[in-house]
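K.L.:
Could you have a look at this structure, given as structure tokens, before my questions?
A short reminder: the numbers here are calculations on the coordinates, not readings from a lab. Because the structure is predicted, anything quoted here is derived from the model rather than measured. Neighbour counts run over all protein chains shown; Cβ positions are idealised from the backbone, glycine included.
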Amino acid sequence: MNMSHAPQTSPIKKWNDAPTRSVDVAGTKLVYRQLGPATGVPVIMLNHWGAVLDNFDPRIVEGLAATRPVIAVHYRGVGASGGKASLTVAEMAEDTIAFIRALGFGEVDLLGFSLGGFVAQDIVLKEPELVRKVIPTGTGPAGGEGIEKVGAVSWPFIIKGMLTFRDAKFYLFFTSTSNGRRAAKAFLKRLKEREADRDKPITMAAFLRQLKAIKAWGAQTRQDLSTIRKPVLVANGDNDKMVPSSNSIDMARRIPNVELVLYEDAGHGGIFQYHQEFVETALEFLDR
């Protein structure tokens, strides 16, 4: 694994070609991958429960990196990153803020999926001057409906995945309609495209610590989202069984400068099912 932290000379356009780099954040090594041009406001991508670098959708990363720097990162104690996985979203947000500063950025856009969307909200509430625009997807607010129950909802599908020799995301991220199943197969195939320099899989200990952080976020007091003055694009499927879609609607009601996109016949992974439409919408939102 190439773990160098060095400036990128020529733009990397393909996810498969992006080397795995690392940077020291308060004494802990965090790994990341960077694509796209060297200049412009970078998009920091934050991913879901259990995700390592190889769980970012290549088509979304590459689509956004066509016009701007894109940096995909995960959290301490996950994949090849050092340290112990955090037990709170607040700690993940603090680490991500330190990561952004360690790379020398004064302003970024945030794209967070699921757990990453919790972290993105916490970052913009903690350090609004660091953030230009936010795209929370497949996610919900602190204290949101059903978020404490993510584990209870997920375990049966995780076991079903083991019994049917399928990735649990096949059942958790997509609807069980023919559209959903087709999209699930295509998405899981995309995640296997990269063969060399793959990230380490998440450990069960880190997986369970992240679940505790999700449960704590669901039980947490609601945050005042009306204080978010940045432009926000909320996206989800209309039938999210992990983080109920009602949370996306709730966020859109509570954030002043917001747009909401709900994809039809789509679940938690609506942005993966509709990845082309999502990239077009996200680029238009970021360029505005």
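K.L.:
Any chance you could check the Cα centroid distance between the stretch 57-76 and the stretch 128-164 for me, in angstrom?
P.N.:
For the stretch 57-76 versus the stretch 128-164, the Cα centre distance is 20 Å.
K.L.:
Which shape class, rounded, prolate or oblate, goes with the chain when its Cα gyration tensor gives a ≥ b ≥ c as root eigenvalues, a/c under 1.5 marks rounded, and past that a/b bigger than b/c marks prolate? Don't skip to the end; give the middle numbers.
P.N.:
Numbers: a/c = 1.24, a/b = 1.12, b/c = 1.11.
Rounded, since a/c falls under 1.5.
K.L.:
Ranked from highest to lowest mean number of other Cβ atoms within 10 Å per residue, what is the order of the peptides 57-70, 223-236?
P.N.:
The most tightly packed comes first, giving 57-70, 223-236.
K.L.:
Could you state the principal axis extents of the C-alpha atoms in the stretch 46-184, from the largest down, to the nearest angstrom?
P.N.:
The principal-axis extents, from largest down, are 46, 34, 30 Å.
K.L.:
In addition: Residues of the stretch 147-179 with backbone nitrogen within less than 18 Å of a virtual label 7 Å along the Cα-to-Cβ line of Q223, please, listed as ranges.
P.N.:
Within reach of a label on Q223: 147-148.
K.L.:
Now, a different point. Non-local amide H neighbours of I202 (under 5 Å, H modeled in plane, Pro and chain starts lacking H): which ones?
P.N.:
G79
K.L.:
Calculate, for K29 and K160, the FRET efficiency according to 1/(1 + (r/R0)^6) with r their C-beta to C-beta distance and R0 51 Å; round to the nearest 0.05. Could the numbers behind the result be given before it?
P.N.:
Values: r = 35 Å, r/R0 = 0.69.
Between K29 and K160 the formula returns 0.90.
K.L.:
Here's a follow-up. Determine which residues of the stretch 205-249 fall in the zone a paramagnetic label at E264 would reach in this model, i.e. backbone nitrogen under 13 Å from the point 7 Å along Cα→Cβ.
P.N.:
Only 238 fall inside the zone, counting backbone N under 13 Å.
K.L.:
Can I ask one more? Compute the FRET efficiency between T39 and K189 as 1/(1 + (r/R0)^6), taking r as their Cβ-Cβ distance and R0 = 35 Å, and round to the nearest 0.05.
P.N.:
Numbers: r = 33 Å, r/R0 = 0.94.
For R0 = 35 Å, the calculated efficiency reads 0.60.
K.L.:
What does the helix-only formula give at 222 nm for the chain: each DSSP H stretch with n ≥ 4 adding -39500 (n - 2.57), the total divided by the residues, and the result rounded to the nearest 500 deg cm²/dmol? Don't skip to the answer; put the middle values down first.
P.N.:
On the way: 10 runs with 107 residues, N = 288.
Using -39500 (n - 2.57) per qualifying helix, the result is -11000 deg cm²/dmol.
K.L.:
Between E277 and N16, what length comes free when the chain is fully extended (0.36 nm per residue of separation minus the Cα-Cα distance, one decimal in nm)?
P.N.:
Values: separation 261, 0.36 × 261 = 93.96 nm, distance 2.21 nm.
Stretched fully, the E277-N16 segment lengthens by 91.8 nm.
K.L.:
Tell me the Rg and the Dmax, in Å, that the Cα atoms of the stretch 111-159 produce.
P.N.:
Expressed in Å, the Cα Rg and Dmax of the stretch 111-159 come to 12.9, 43.
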